[in-house]
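Please read the structure below before turning to the comments.
The values are calculated or read from the model by the stated rules, or taken from the named source; none is laboratory data. Note that this is a predicted model, so its numbers are computed, not measured. When we count neighbours, we look across all protein chains shown, and the Cβ atoms used for this are built from the backbone with ideal geometry, even at glycine.
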Amino acid sequence: MTYCVGMMLDRGLVLMSDTRTNSGVDNISTFRKMYHWSVPGERVVAIMTAGNLATTQSVISQLEERNKAPAERHNTVLEAPTMFQVATVVGKLLRDTIRARDEDNGQEGSGQFTASMILAGQIKGMEPRLFLIYPEGNFIEASFDTPFFQIGETKYGRPILLRGYDRKMTFEDAVKLLMVSFDSTIKANLSVGLPLDLLVVETSSFEPLHERRIDASDPYFRSISAGWGEALRQAFHSLPPYVF
């Protein structure tokens, strides 16, 4: 399992993903689930992945190979004319990869290699866009009504986002909100864990404004985790008592 969030703000895009991959409680590994490419002054594209690791790594590897092969440039995230077309390319590649693996695995294994992705980015002359891509290759786009997407283990961190999100919030507050959401998820589910990858992209910058990996020793994340726990306890005790 995993947990990834892509969020749209007035100022740009904020993305965060965990790195834990597990095949049982005794087989836990760390793998990157966030990737990004940029053409300075022209575009920036980022992808976060959840689901079968072999499937998502295959999709990312194929995208990397296409980006480096001039003959295939018409079918890459670096050459597609719009973010909608980028989402179409990534969705088709994800669908075809899943189908190929299911066919190789035989009828009994059908459906084992499911995966989903969050795609975010901006192309010069257009607005930043955010997409949720399903295993079938189809996708939906974020809007004012649905300004953020989650994939993986979403239920524990979602209430935090619903209560705290504001499209006008600063990047700093957005990162703080995501850290609380991830801390709540990590506390509730062992299949999500540190380190976390963070990417901030400001509108029309076409390159990451801020990028970092957050591990268990990170002082800010530790202060957020401790402070949020204490704030919850204080809020609970400040509520009116129940009377029999």
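General observations
- Exactly one residue out of Y156, Y134 is of a type outside the set (D, E) and within 29 Å of R43 (Cα to Cα), and it is Y134.
- Of all residues in segment 201-223, exactly one satisfies the criterion of being among the aliphatic types (A, V, I, L, M), buried (at least 18 other Cβ atoms within 10 Å of the Cβ) and touching a residue at least 40 places away in the same chain (Cβ under 8 Å), namely V201.
- The criterion of at least 3 residues that are in contact (Cβ under 8 Å) with a residue 12 or more places away in the chain and under 18 Å from A120 (Cα atoms) is met, among strands (runs of 3 or more DSSP E) falling completely within segment 1-72, by 3-8, 12-18, 34-39, 43-51.
- None of A142, A115 is buried (at least 22 other Cβ atoms within 10 Å of the Cβ), within 17 Å of M48 (Cβ to Cβ) and out of contact with any Lys or Arg (no Cβ under 7 Å at 6 or more places or on another chain) except A115.
- Selection within segment 133-152 - among the small types (G, A, S) and either in contact with a Leu (Cβ under 6 Å, 6 or more places away or on another chain) or in contact (Cβ under 8 Å) with a residue 40 or more places away in the chain (or both): G137, A142, G152
- Test: residue in segment 120-129 that is free of Cβ contacts under 8 Å to residues at least 40 places away in the same chain and farther than 30 Å from K92 by Cβ: no
- Residue in segment 166-180 that is surrounded by the fewest Cβ atoms within 10 Å (Cβ to Cβ), counting only those that are farther than 12 Å from V14 by Cα and out of contact with any Asp or Glu (no Cβ under 6 Å at 6 or more places or on another chain): D166
- Residue match in segment 191-199 (condition: without any contact (Cβ under 8 Å) to a residue 40 or more places away in the chain, in contact with a strand residue (DSSP E or B) (Cβ under 7 Å, 6 or more places away or on another chain) and closer than 20 Å to K33 by Cβ): no
- Just one of the listed residues (F149, F131, F113, F139) is modelled with pLDDT under 95 and either closer than 23 Å to D96 by Cα or not β-branched (V, I, T) (or both), namely F113.
- Tally, over segment 181-200, of residues that are surrounded by 19 or more Cβ atoms within 10 Å (Cβ to Cβ) and among the aliphatic types (A, V, I, L, M): 6
- Any hit, segment 205-212, residues being of a type outside the set (D, E, K, R) and touching a Ser or Thr at 6+ places or on another chain (Cβ under 9 Å): yes
- Scoring T21 on the criteria (1) surrounded by fewer than 23 Cβ atoms within 10 Å (Cβ to Cβ); (2) at pLDDT 95 or above; (3) under 18 Å from the mean Cα position of the chain (by Cα); (4) β-branched (V, I, T) leaves a single failure, condition (2).
- Being closer than 20 Å to M117 by Cα and of a type in the set (S, T, Y) is a description that does not apply to T170.
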